[in-house]
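To start, the structure under review is shown below, and the notes come after it.
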Amino acid sequence: MTDHAPDAAAARPVLRLAKGRSKRLRAGHPWVFSNEIEMTAEAKALPPGALVTLMDAGGEALASATFNPHSLIAARVLWRDAQAPIDAGFLADRLRAALRLRDALFDGPYYRLAHSEADNLPGLIVDRYGDVLAVQTNTAGMERLLPLLLDAFAEVLAPRAVVLVNDSPARRLEGLEPEHRLAAGGLDGPVELVENGCRFVADLMDGQKTGWFFDQRDNRAFMARLAKGRRVLDVYTYAGGFAVQAAMAGAAGVVAVDRSEHSLALAARAADLNGIAVQTVRAEAFAEMERLAAAGERFGVVVADPPAFVKVKKDLGAGAKGYRKMARLASALVEPGGFLFCASCSHHMPADMFAEEISHGIHVAGRTGRILRTAGAAPDHPVHPLLPESAYLKAMVLQLD
């Protein structure tokens, strides 16, 4: 699904909002829902991802947008200037703005470069690993703009490789199939990155998501400070983010648990790169926590950072019980005065419900304590002011008695 023809505002299809339905768009919201649009036969016939000009019922041009007639979120605003052409130069300017922000935030070129609507690039995720980019196009509009995006990447960053990691469930809502492929350049294996002074490896071709979870950067740094002189258990370690940084900070010992042998190999490689020791254990998280508790094991720091338990709304009840059980099992392994970190990356798990389930799990385990910190994602994952629901990551740090 691509469109190589140059965009010209005068030739662009016009999409009219229903009478009285332009208030949210005028107030700055980046989405227009299908029930706010006059869904004429012409509108319904437009290809998913088409560039359109949004007009109010009176004929005033309000914005340039991408449009998908088959999606509840029908239009996503690209630019409030409805006359501006949407081309590689436009996308390059957006990338430069995102790059300036990251350069202000971080010393090295390892971060989320573009975070969808918050970076004025709706539906686009770009993670940067030096001269390699991992990209998700999660809307029909961004999928259609992919050839121009590749030109913009080349102009702004001249990457050695661009990998499409399009496995997000959001793509199916847009009528897109999952895909995982090299879109430009070449890769000869996992790539290196540096986070909080530690070296890691990310597998962009066979790893999870976009290869690394930059969103936990600040949370890893916080937990590493608590790890000095303490035994640490990192459950769901993936590529060793929390485990390696804890060991580098002077932990008395670190155990990293994951069910994936491939992930544990990445964690072990990171430990070698940093010259530290991490014990890796291949096991299911709940079963291993139960085994450790039965064996009388206790740790000064326990980290539980699982994959999403709530992938779709209908899973909320079961997912909530999963977080409660996770907190119960993890808190049983924390020594008195020790620290527990729990996180949820589930977009559909409300922050207040997550906090309640973690607190409930700790109580069921017979523990008491205090919340030291609640946090979200690192600042390279900004949130659009009018899309607070996009603040998906929830994290809590507690000291337990």
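The values are calculated or read from the model by the stated rules, or taken from the named source; none is laboratory data. Since the model is a prediction, treat every value here as computed from it, not as a measurement. With ideal geometry, Cβ positions are generated from the backbone for all residues, glycine too; neighbour counts draw on all protein chains shown.
Quick notes on this structure:
- Residue tally, condition under 22 Å from Gly49 (Cβ atoms) and either touching a residue at least 24 places away in the same chain (Cβ under 8 Å) or crowded, with 23+ Cβ neighbours inside 10 Å (or both), over region 90-105: 5
- Residue under evaluation Ala267, criteria (1) more than 30 Å from Leu124 (Cβ to Cβ); (2) under 22 Å from the mean Cα position of the chain (by Cα); (3) buried (at least 16 other Cβ atoms within 10 Å of the Cβ), criterion not met: (1)
- Taking the conditions (1) more than 30 Å from Tyr129 (Cβ to Cβ); (2) at pLDDT 95 or above; (3) in contact with a Ser or Thr (Cβ under 8 Å, 6 or more places away or on another chain) in turn, Thr66 satisfies each one other than (1).
- Just one residue in the set Val194, Val254 is in a strand (DSSP E or B), over 30 Å from Pro69 (Cβ atoms) and either aromatic (Phe, Trp, Tyr) or in contact with a helix residue (DSSP H, G or I) (Cβ under 6 Å, 6 or more places away or on another chain) (or both); that residue is Val254.
- Condition met for Gly108 (modelled with pLDDT of 95 or more and either among the hydrophobic types (A, V, I, L, M, F, W, C) or buried (at least 22 other Cβ atoms within 10 Å of the Cβ) (or both)): no
- Verdict on Ala183 being small (Gly, Ala, Ser), buried (at least 24 other Cβ atoms within 10 Å of the Cβ) and in contact with a Leu (Cβ under 8 Å, 6 or more places away or on another chain): no
- Region 19-47, residues that are exposed (fewer than 15 other Cβ atoms within 10 Å of the Cβ) and of a type in the set (Ser, Thr, Tyr): Thr40
- For region 359-382, the criterion of being of a type in the set (D, E, K, R), over 20 Å from Phe214 (Cα atoms), outside the structural domain of Gly28 (by TED's automatic domain parsing) and buried (at least 18 other Cβ atoms within 10 Å of the Cβ) is satisfied by at least one residue.
- On the stretch given as region 307-321, residues that are within 20 Å of Phe213 (Cα to Cα) and not aromatic (Phe, Trp, Tyr) total 4.
- Candidates Asp167, Asp131: the one that is at pLDDT below 95, charged (D, E, K, R), within 29 Å of Arg199 (Cβ to Cβ) and surrounded by fewer than 20 Cβ atoms within 10 Å (Cβ to Cβ) is Asp167.
- Candidate set: region 171-214, residues that are assigned by TED's automatic domain parsing to the domain that holds Ala271 and under 30 Å from Ser34 (Cβ atoms); chosen: the one modelled with the highest pLDDT: Thr210
- Checked against (1) within 26 Å of Pro379 (Cα to Cα); (2) assigned by TED's automatic domain parsing to the domain that holds Thr374, Gln279 passes all but a single condition, namely (1).
- Unmet requirement for Arg16, which otherwise passes all of (1) under 31 Å from the mean Cα position of the chain (by Cα); (2) crowded, with 17+ Cβ neighbours inside 10 Å; (3) more than 29 Å from Val383 (Cβ to Cβ): (1)
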